[in-house]
1. Calculate the all-directions average of the projected area of the stretch 119-209's alpha-carbon convex hull, and give it in nm².
2. Rounded to two decimal places and with Rh computed the Kirkwood way over Cα pairs, what is Rg over Rh for the stretch 212-282?
3. Under a straight-distance cross-link criterion of Cα-Cα below 28 Å, which lysines are reachable from K73, leaving out those fewer than 8 residues away in the same chain?
4. For T152, list long-range residues whose amide hydrogen, built 1.01 Å from N in the peptide plane, is under 5 Å from its own amide hydrogen.
5. What is the extension gain from N111 to E161, computed as 0.36 nm multiplied by their sequence separation minus the C-alpha to C-alpha distance, in nm to one decimal?
6. Grab the Cα-Cα distance for E228 and K131, subtract it from 0.36 nm times how many residues apart they are, and report the gain in nm with one decimal.
7. Among F149, V98, F182, which residue has its Cα positioned farthest towards the positive end of the charge dipole of the chain, with +1 placed on the Cβ of Lys and Arg, -1 on the Cβ of Asp and Glu, and the dipole taken about the Cα centre?
8. Counting every Cα pair in the chain, what percent are over 31 Å apart?
Amino acid sequence: HAKENGRNRAQFFDNEISKNNLFYLKIENGLHEAVTGGQIYIQYQPQFNYQTRTVIGIEALMRWKHPEEGILKPSVFIPIAEETGLITSLGYFLLDIVCKQIAEWQKHITNLPTIAINLSPKQFLEPSLVKHVQQLIEHYEIKPNALEFEITESAFMQETETTLANINGLANLGCRISIDDFGTGYSNLSYLKRFPIHMIKIDKSFIDDIRHDNDDKAIVDAVIRLAEALNITCLAEGVETKEQLEILKGMGCENIQGFLFSKPLHPRLITELIKQHQSADN
Ligand code: C2E
Ligand code: MG
Ligand code: MG
Ligand code: MG
């Protein structure tokens with residue numbers, strides 16, 4: 001099922017490319033300039049625990065303000081950045097922005113929630129990844145555990161020495177590792193015990209129709225039990241409605257990320273949101 005999805009997506013993308021060759025070239029050429037010209041920026045989406053009523057984490061999501069195409073979502077340009085190899089420099093560029101932002105937040109906010117960054121599987125093939133992250137942590141004087149890296153199951157499936165060393169290396173720095181889009185990668189689950197995984201993020205595709213699709217509900221329930229048994233935090237992605245939240249609550253999933261709680265926000269609004277929640281606590 002997931003395999004099929006992946007193939008469809010790749011096929012769809014191939015068609016798009018051949019139909020829109022000019023668009024592909026435009027994106028590829030534009031990416032260089034986007035990085036140097038300040039067109040790339042980041043929005044931050046909070047992750048919420050409704051039991052403790054606290055923000056438990058914040059995910060950094062990249063945006064591109066393209067001079068002609070308007071605001072581009074990562075799904076449009078990340079596949080192109082991956083294919084052309086630009087993802088490595090783009091990834092380092094983003095990492096720098098996020099670490100700088102964490103340093104800024106740490107000055108004003110006590111108990112800053114963990115800030116999560118997405119890493120594409122390609123970035124794990126880079127032998128200098130851990131060294132680079134370590135240098136940023138030292139340069140900006142941020143706490144290693146303020147950083148969380150979201151990895152998809154496909155990164156584990158590569159099983160190359162560099163990939164596995166990078167994942168362990170990031171964990172050894174003290175950074176957190178979470179599994180993104182969980183359930184869509186049809187991977188061998190043994191990595192869940194072989195690596196120090198902090199959180200499993202259940203993919204939005206299982207949440208969308210959870211009210212009416214008993215199969216989706218059964219899968220989500222099984223993932224929640226799996227996470228519980230392995231002592232890994234579980235979070236549901238893409239929660240948009242109260243009805244979805246009620247079902248998740250009923251199954252014991254305390255953590256959600258989705259438009260129901262908040263859309264991705266400008267960093268300034270994140271500061272306000274965290275302060276609001278912290279003062280509501282006391
Ligand atoms: P993801 O890591 O699974 O991120 C969650 C995506 O779901 C985000 O889309 C977010 O805006 C969206 N989302 C969250 N809650 C809801 C909801 O309730 N409803 C709906 N309809 N959508 C929701 P976005 O920002 O377009 O990012 C898409 C994907 O692009 C991300 O999926 C991630 O795989 C990738 N991505 C984003 N930023 C980066 C980055 O800096 N580096 C890398 N390598 N990939 C990134
Ligand atoms: Mg993510
Ligand atoms: Mg996801
Ligand atoms: Mg289904």
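1. Values: hull surface 24.0 nm².
About 6.0 nm², averaged over all directions.
2. 1.05
3. Excluding near neighbours in sequence, the set is K3, K19, K26, K65, K100, K122, K201, K204, K242, K263.
4. Those qualifying (amide H under 5 Å, at least 5 residues apart or on another chain) are D180.
5. Between N111 and E161, full extension yields an extra 14.5 nm.
6. Working it through step by step, the gained length comes to 31.6 nm.
7. Sorting the options by dipole projection puts first V98.
8. Working: 10915 of 39621 pairs.
Tail of the P(r) past 31 Å holds 28 percent of the pairs.
The values are calculated or read from the model by the stated rules, or taken from the named source; none is laboratory data. Given the structure is predicted, the values throughout are model-derived calculations rather than measurements. Note: ideal-geometry Cβ built from the backbone for every residue, glycine included; neighbour counts use all protein chains shown. Quick note on the areas: whole protein, heavy atoms, side chains included, nothing else; ligands and nucleic acids left out. Shrake-Rupley method; radii C 1.70, N 1.55, O 1.52, S 1.80 Å.
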